[in-house]
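The values are calculated or read from the model by the stated rules, or taken from the named source; none is laboratory data. As the structure is a prediction and not an experimental result, all values here were calculated from the model. Every residue, glycine among them, receives a Cβ derived from its backbone with ideal geometry; neighbour counts consider all protein chains shown. The accessibility values were calculated without ligands, DNA or RNA, using every heavy atom of the protein model including side chains. Shrake-Rupley method; radii C 1.70, N 1.55, O 1.52, S 1.80 Å.
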Amino acid sequence: MSILLKGGTVVSAKARRQVDVRIDGEKIVEMGTNLTAAGSTVEDVSGYFLLPGFIDAHTHLELNNGKGSMGTADNFYTGSKAAVAKGTTTVIDMATPSKGSSLQDCLKAWDHLAQGNSSCDYTYHMSIIEWNPSIKAEIKEMIDVGITSFKMYMAYDNLRTKDAEIFEAMREIRKYQAMLGVHCENGDMVNEMIAQFVAEGKLSPHYHPLTRPDSVEAEAVERYLMIADLAGLPVNIVHLSTKRSLEAVKRARACNQKVYVETCPQYLVLDDHLYDGPGFEGAKYVCSPPLRRICDQDALWDGVINGQVNTISTDHCSFNFNEQKTIGKNDFSKIPNGMPGVETRPELIYTYGVTTGKISLERMIGLLSEDIAKQFALYPQKGIIQVDSDADIVIWDPNTAGVISATTQLQNVDYTPYDGMQTKGHARSVYLRGQKVVEHGQVIAERQGKFIFRKISKTH
Ligand SMILES: [Zn+2]
């Protein structure tokens, strides 16, 4: 049974136009003005925007790295449902192996988490947390099974690798023109500063951002880009959060390096005064990189506006305030790092970016969907409303107002960093591969997501 979406305004990263859209099965099959019903079920969407389903290229929907560590508050089921309810139809989750396990085993583990549980489509970035001949051999194996992007870390002792290992991994990844994203912070410096504050008895959340100042990130960004230049690999910087890092990116680009920059809503709409909230409230905002100063926020917005920032994803990684964040009550360095956000990204960027006049709706589509799809080999299956693309369509109502609240959110976590923030616009309904999965803001069909096989030839 085909569906005709009639009278809406279709928006891409380049333009908007009033055009009818016919969906048949999982695909968009026809677009044009004044299309006739021709047997299709007609849905009147006049007055609404038709946006390509949003893609979140940085989530940790479900993380539980074994013995002694703590699992995230969300799992694939709750996180993906919260995502799709607000218009995110695809996530690229961070598949993270434990030390000693193969990438294949990690892939199986992530498939086990996602399969049959996800309410949006999904794929993964495969994390490389150690480097040896068998991991090296698995790079191609991953690409052969549709995993075309990788993640590495320069901080976190259980995840980071040496510069030489990053360099070797880059050279292997380059053979296949796959994508690498790196968490850029100087792990040694972070460890030193944590040890110093702890020794001095400075243990409240106030000290978290002071252990990871902008120079910690900017140094790592600069080093990462130099290594990438030596390896000849275009690279992605995940969750870039400071002005100084952006300046390092500008320098690299001035030398003709291809660099992709991701930032996250928390660095655009929140700032570091929140670490000084009453009691232990600051723990809610403990994530790495930490929230930054207003001057960094301004520089990031400038980057979003002028194209220096390519994409906005969330780094969703949820831990409850009670029972989980409170583990670090007497020592900020024990607070689990991460914040929820997969649910709130579209409304936040629409409200604080589009309705304030900072960016156009077209630019928002690039940042949240089209450019992500292009960067990560999902385009044109995802990221655009056009014939033959997947019918992942958000019917966006621009004329609503709301307030973000922990009590009404779908994310399975006991707080939201955006609590009380006002929003405008929302996903009225959402189609996932032709199936209506959200109606009047409510998820009406869950667990309909599937794994998306990516091929590198699809990108550039
Ligand atoms: Zn992350």
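Checked against (1) without any contact (Cβ under 8 Å) to a residue 60 or more places away in the chain; (2) more than 16 Å from the ligand (Cβ to nearest atom); (3) crowded, with 18+ Cβ neighbours inside 10 Å, C295 passes all but condition (3). Residues that are more than 19 Å from I359 (Cβ to Cβ) and acidic (D, E) number at least 1 in the following strands (runs of 3 or more DSSP E) confined to the stretch 1-55: 20-24, 27-32, 41-44. Return the residues of the stretch 328-351 that are over 13 Å from P398 (Cα atoms) and among the aromatic types (F, W, Y); say none if nothing qualifies. Correct list: F332 only.
Looking at this structure, is D276 away from the ligand (no atom under 16 Å from the Cβ), of a type in the set (D, E, K, R), at pLDDT 95 or above and surrounded by 22 or more Cβ atoms within 10 Å (Cβ to Cβ)? Spelling it out, it is not the case that D276 is away from the ligand (no atom under 16 Å from the Cβ), of a type in the set (D, E, K, R), at pLDDT 95 or above and surrounded by 22 or more Cβ atoms within 10 Å (Cβ to Cβ). Picking from residues in the stretch 228-256 that are in a helix (DSSP H, G or I) and touching an Asp or Glu at 6+ places or on another chain (Cβ under 6 Å), the one that is surrounded by the most Cβ atoms within 10 Å (Cβ to Cβ) is S245.
Each row is one residue, and each column tells you yes or no for (1) assigned to a loop (DSSP other than H, G, I, E, B); (2) without any contact (Cβ under 8 Å) to a residue 40 or more places away in the chain.
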| residue | (1), (2) |
| --- | --- |
| R160 | yes, yes |
| I166 | no, no |
| A169 | no, no |
| E172 | no, yes |
| V182 | no, no |
| E185 | yes, no |
| D188 | no, yes |
| Q196 | no, yes |
| G201 | yes, yes |
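Conditions tested, residue by residue: (1) modelled with pLDDT under 95; (2) over 28 Å from T78 (Cα atoms).
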| site | (1), (2) |
| --- | --- |
| Y122 | no, no |
| N158 | yes, no |
| I166 | no, yes |
| V190 | no, yes |
| V198 | no, yes |
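Among the candidates A427, A401, the residue that is open to solvent by less than 10 Å² (accessible area, probe 1.4 Å) and under 14 Å from L348 (Cβ atoms) is uniquely A427. Going through G47, G100 one at a time, which residue ends up being more than 16 Å from the ligand (Cβ to nearest atom), surrounded by fewer than 18 Cβ atoms within 10 Å (Cβ to Cβ) and more than 23 Å from L348 (Cβ to Cβ)? Result: G100 is the single residue among G47, G100 that is more than 16 Å from the ligand (Cβ to nearest atom), surrounded by fewer than 18 Cβ atoms within 10 Å (Cβ to Cβ) and more than 23 Å from L348 (Cβ to Cβ).
Based on this model, can you work out whether V221 counts as in a helix (DSSP H, G or I), surrounded by 22 or more Cβ atoms within 10 Å (Cβ to Cβ), within 16 Å of the ligand (Cβ to nearest atom) and not aromatic (F, W, Y)? Here the answer is yes, as V221 does meet what is asked. Filtering the stretch 268-293 to residues that are touching a helix residue (DSSP H, G or I) at 6+ places or on another chain (Cβ under 9 Å) and more than 15 Å from H208 (Cβ to Cβ) leaves L268, V269. Count of the stretch 134-158 residues, restricted to those that are touching a residue at least 40 places away in the same chain (Cβ under 8 Å), farther than 16 Å from Y224 by Cα and among the small types (G, A, S), is 2. Checking each residue in the stretch 310-326 for being over 18 Å from V235 (Cβ atoms), touching a residue at least 60 places away in the same chain (Cβ under 8 Å) and either assigned to a strand (DSSP E or B) or open to solvent by 20 Å² or more (accessible area, probe 1.4 Å) (or both) picks out H316, N320, F321, N322, Q324. Q308 - would you say it is over 28 Å from A95 (Cβ atoms), over 16 Å from the mean Cα position of the chain (by Cα) and more than 16 Å from the ligand (Cβ to nearest atom)? Criteria met by Q308.
Of all residues in the stretch 107-119, those that are under 19 Å from Q411 (Cα atoms) and open to solvent by 40 Å² or more (accessible area, probe 1.4 Å) have Cβ atoms under 8 Å from Cβ atoms of residues that are among the basic types (K, R) and not in a helix (DSSP H, G or I), 6 or more apart or on another chain, in G116/R447; N117/R447. Residues that are within 24 Å of L63 (Cα to Cα), more than 16 Å from the ligand (Cβ to nearest atom) and in contact with a Phe, Trp or Tyr (Cβ under 9 Å, 6 or more places away or on another chain) within the stretch 135-160 comprise I139, M142, I143, V145, G146, I147, T148, listed in sequence order.
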